[in-house]
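Engineer: This is the structure I have questions about; it appears just below.
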Amino acid sequence: MAQFQNRTKIPGSERGAPLHGARVIGPVPSDERLEVTVRVKRRTALASLPDQSYQSDGPSSKRRYLTREQYASQYGADPADLAKVEAYAKACGLVVVESDPARRSVFLSGTADKIGQAFGTVLEQHEHDGGTYRGRSGELSVPAELLPLIEGVFGIDDRPVATPHFQQQRPETSIGLAPHAAQSAYTPPQLGALYNFPSDQNGTGQCIGIIELGGGYRTADLKAYFGKLQMAVPNVLTVRVDGGRNAPSTAQGADGEVMLDIEVAGAIAPKARIAVYFAPNTDKGFLDALTKAIHDSTNKPSVLSISWGSAEINWTAQAKTSFNQALQAAAALGVTVCVAAGDGGSGDGVADGKAHADFPASSPYVLACGGTKLLAAGAKIASEVVWNESSNSATGGGVSDFFDTPDYQLKAGVPLSAYPHARAGRALPDVGGDADPATGYQVRVDGQDMVIGGTSAVAPLWAGLVALMNQRLGHAVGFINPLLYGSVRNTGSFQDVVDGNNGAFAAKPGWDACTGWGSPNGVNLLQAIKG
């Protein structure tokens with residue numbers, strides 16, 4: 001057929017080896033229906049972010065960001081480009097489900113054989129310890145005339161791409177049981193007090209978006225948890241993406257992640273609306289949830305919390321590029337994106353003896369959140385060091401092997417990557433906070449009271465703080481990273497964490513690849529940003 005001639009490979013679409021231990025069990029049935037997302041390039045390149053210096057606006061000042069409408073019209077996909085992709089899809093026998101200029105996405109549905117023909121690949125079923133998935137290998141391709149329009153194609157391969165970065169406290173690690181010992185488990189309000197969060201703000205008028213790739217929450221648990229804290233239950237709503245849904249199961253599954261995120265963010269900013277975007281754990285599901293949240297003109301989240309990720313090596317180049325493009329859009333819109341830096345130390349859970357950065361925390365457009373071990377005596381922090389209990393229970397952090405060093409980090413003294421070769425790149429995390437499950441967060445999951453840690457907890461903790469600051473400022477803090485590495489760095493806005501390591505990288509005065517600038521002093525940070 002004519003539409004299958006003169007094909008060109010999509011750069012970065014190469015899918016490598018199957019998941020560890022997976023084996024091919026046969027072809028995907030030709031009539032199996034699946035959905036894919038085609039990401040179309042911007043009509044105009046967003047080479048740099050809009051003017052983010054503070055502009056005078058009467059008695060106060062604020063950074064200027066694009067509205068969602070401005071972004072869609074100036075930097076969304078060109079409708080003519082979307083139409084060309086749609087026409088090709090229809091010629092291949094595919095159904096165009098939706099086309100969204102702001103999200104730069106064409107959502108398609110079709111049978112496995114037609115999808116395979118349209119994008120030049122063969123689909124096979126794989127089986128592994130975690131179940132089965134639909135996989136492919138090699139690169140995708142499209143007609144040469146479409147290649148300049150397409151950023152990536154997602155959903156053909158539906159292997160799980162991310163893991164939740166939370167860990168339950170083990171009974172044998174609980175400390176601080178003796179009289180007068182340092183406290184070893186905290187409610188979010190207790191941590192907010194220890195970190196000097198603004199106590200006169202509650203998140204009114206703000207929306208915190210949370211990305212979840214599995215699990216769910218139970219309203220009864222939220223009522224019990226916030227009732228115990230003597231707080232009103234926050235306004236939590238579900239946004240379904242790609243068939244994702246609020247599907248609670250067990251405390252040992254992804255429910256621990258979902259409840260941790262909601263309870264931490266909700267207890268820090270109790271009057272903020274919390275929109276939970278549920279999506280399948282695939283590259284398509286994750287990306288679609290991200291673009292849905294960023295461009296959500298109904299809920300309009302001003303800050304996002306993401307506690308899912310995986311080592312950069314596990315992602316295709318097209319995925320890292322397209323996610324990063326979406327996160328750049330968030331920065332242009334003034335949406336702060338807080339992302340957990342990972343729980344597997346500098347190796348990020350990869351068993352090859354090398355250092356790996358976690359993605360999407362390694363995107364230069366997110367606030368990457370690392371972890372500490374915090375002990376409190378009364379209302380004060382007694383000690384705070386880098387969280388590192390073992391190679392599988394330690395804060396992530398390091399240097400990206402994919403993204404270059406952003407301008408805001410050029411003077412921060414960031415190291416070269418440790419393995420496999422010395423390379424300058426985006427370094428993470430940017431900030432830290434309590435994450436060690438041995439000094440973790442008191443939460444409630446599926447009817448059980450428990451203590452959970454991990455950098456998963458730090459992302460919603462920071463998201464809650466950002467919501468409080470947005471409320472007090474009367475506008476979005478937005479893309480905060482340039483401020484943290486610039487005018488804010490010497491204002492007492494952080495408790496510098498100088499002891500410990502995460503494997504390949506050690507803490508030191510100032511910024512480091514374990515806890516970034518350190519844990520927050522919320523009031524000082526707010527005052528520094530106001531000034």
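The values are calculated or read from the model by the stated rules, or taken from the named source; none is laboratory data. All of these numbers come straight from a predicted model, not from anything done at the bench. Neighbour counts run over all protein chains shown; Cβ positions are idealised from the backbone, glycine included. Heavy atoms of the whole protein, side chains included, go into the accessibility calculation; ligands, DNA and RNA do not. Shrake-Rupley method; radii C 1.70, N 1.55, O 1.52, S 1.80 Å.
Engineer: Just give me the residues in region 387-422 being in contact with a Leu (Cβ under 7 Å, 6 or more places away or on another chain) and surrounded by fewer than 15 Cβ atoms within 10 Å (Cβ to Cβ), in sequence order.
Structural biologist: The answer is ALA422, and nothing else.
So that you can scan it fast, the table gives a plain yes or no per residue for (1) among the acidic types (Asp, Glu); (2) closer than 28 Å to PHE226 by Cβ; (3) buried (at least 24 other Cβ atoms within 10 Å of the Cβ); (4) modelled with pLDDT under 95:
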position	(1), (2), (3), (4)
GLY432	no, yes, yes, no
VAL443	no, yes, yes, no
ASP449	yes, yes, no, no
ASN501	no, no, no, no
LYS508	no, no, no, no
ALA513	no, no, yes, no
LEU526	no, yes, no, no
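Engineer: With open to solvent by 20 Å² or more (accessible area, probe 1.4 Å), part of a helix (DSSP H, G or I), in contact (Cβ under 8 Å) with a residue 60 or more places away in the chain and of a type outside the set (S, T, N, Q) as the only criterion, which of LYS284, LYS292 stands out?
Structural biologist: LYS292
Engineer: Then there is this: How many residues are among the aliphatic types (A, V, I, L, M) and in a loop (DSSP other than H, G, I, E, B) if we restrict to region 323-364?
Structural biologist: 7
Engineer: Of everything in region 149-166 that's buried (at least 21 other Cβ atoms within 10 Å of the Cβ) and either more than 28 Å from the chain's Cα centre (by Cα) or among the aliphatic types (A, V, I, L, M) (or both), which residue is nearest to VAL38 (Cα to Cα)?
Structural biologist: Taking the candidates together, the pick is VAL153.
Engineer: Output the residue which, of all residues in region 118-160 that are hydrophobic (A, V, I, L, M, F, W, C) and in contact with a Leu (Cβ under 8 Å, 6 or more places away or on another chain), is farthest from TYR441 (Cα to Cα).
Structural biologist: ALA118
Engineer: Identify the single condition in (1) touching a residue at least 40 places away in the same chain (Cβ under 8 Å); (2) in a strand (DSSP E or B); (3) surrounded by fewer than 19 Cβ atoms within 10 Å (Cβ to Cβ); (4) not polar (S, T, N, Q) that HIS475 does not satisfy, given that it satisfies every other one.
Structural biologist: Of everything listed in (1) touching a residue at least 40 places away in the same chain (Cβ under 8 Å); (2) in a strand (DSSP E or B); (3) surrounded by fewer than 19 Cβ atoms within 10 Å (Cβ to Cβ); (4) not polar (S, T, N, Q), HIS475 misses just condition (2).
Engineer: Going through region 451-472 one residue at a time, which ones are open to solvent by 10 Å² or more (accessible area, probe 1.4 Å) and part of a helix (DSSP H, G or I)?
Structural biologist: If the condition is that a residue be open to solvent by 10 Å² or more (accessible area, probe 1.4 Å) and part of a helix (DSSP H, G or I), then GLN471, ARG472 are the ones that fit.
Engineer: Now for a separate question. Out of all the residues in region 232-244, is one or more more than 23 Å from the chain's Cα centre (by Cα) and open to solvent by 10 Å² or more (accessible area, probe 1.4 Å)?
Structural biologist: yes
Engineer: Does region 211-220 contain any residue that is at pLDDT 95 or above, more than 30 Å from THR282 (Cβ to Cβ), aromatic (Phe, Trp, Tyr) and buried (at least 19 other Cβ atoms within 10 Å of the Cβ)?
Structural biologist: no
Engineer: Being of a type outside the set (S, T, N, Q) and more than 23 Å from the chain's Cα centre (by Cα): is that true of VAL498 here?
Structural biologist: So VAL498 passes the test.
Engineer: Scan region 481-499 for residues that are open to solvent by less than 10 Å² (accessible area, probe 1.4 Å) and modelled with pLDDT under 95 and jot them down.
Structural biologist: VAL488, the sole residue that qualifies.
Engineer: Further question on the same structure: Being open to solvent by 10 Å² or more (accessible area, probe 1.4 Å), among the polar types (S, T, N, Q) and more than 25 Å from ASN470 (Cα to Cα) is the filter here; which residues of region 317-354 pass it?
Structural biologist: Residues satisfying the conditions are THR321, SER346.
Engineer: Working only within region 245-261, note down all residues that are free of Cβ contacts under 8 Å to residues at least 60 places away in the same chain and crowded, with 22+ Cβ neighbours inside 10 Å.
Structural biologist: VAL258
The rows are residues; the columns are (1) part of a loop (DSSP other than H, G, I, E, B); (2) open to solvent by 50 Å² or more (accessible area, probe 1.4 Å).
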{"residue": "SER13", "(1), (2)": "yes, no"}
{"residue": "ALA17", "(1), (2)": "yes, yes"}
{"residue": "GLY21", "(1), (2)": "yes, yes"}
{"residue": "VAL24", "(1), (2)": "no, yes"}
{"residue": "PRO29", "(1), (2)": "yes, yes"}
{"residue": "LEU34", "(1), (2)": "no, no"}
{"residue": "THR37", "(1), (2)": "no, no"}
{"residue": "ALA45", "(1), (2)": "yes, yes"}
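Engineer: Since GLU312 meets every condition but one in (1) open to solvent by 20 Å² or more (accessible area, probe 1.4 Å); (2) touching a His at 6+ places or on another chain (Cβ under 7 Å); (3) charged (D, E, K, R), which condition does it not meet?
Structural biologist: Condition (1) is where GLU312 drops out.
Engineer: Something else about it: Out of all the residues in region 102-144, which are within 28 Å of the chain's Cα centre (by Cα), among the charged types (D, E, K, R) and not in a strand (DSSP E or B)?
Structural biologist: Scanning region 102-144 gives ARG103, ARG104, ASP129, ARG136, GLU139.
Table: residues versus (1) open to solvent by less than 10 Å² (accessible area, probe 1.4 Å); (2) within 30 Å of GLY253 (Cβ to Cβ); (3) free of Cβ contacts under 8 Å to residues at least 24 places away in the same chain; (4) basic (Lys, Arg).
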residue: LEU108; (1), (2), (3), (4): yes, no, no, no
residue: HIS128; (1), (2), (3), (4): no, yes, no, no
residue: ARG134; (1), (2), (3), (4): no, yes, no, yes
residue: SER137; (1), (2), (3), (4): no, yes, no, no
residue: LEU147; (1), (2), (3), (4): no, no, no, no
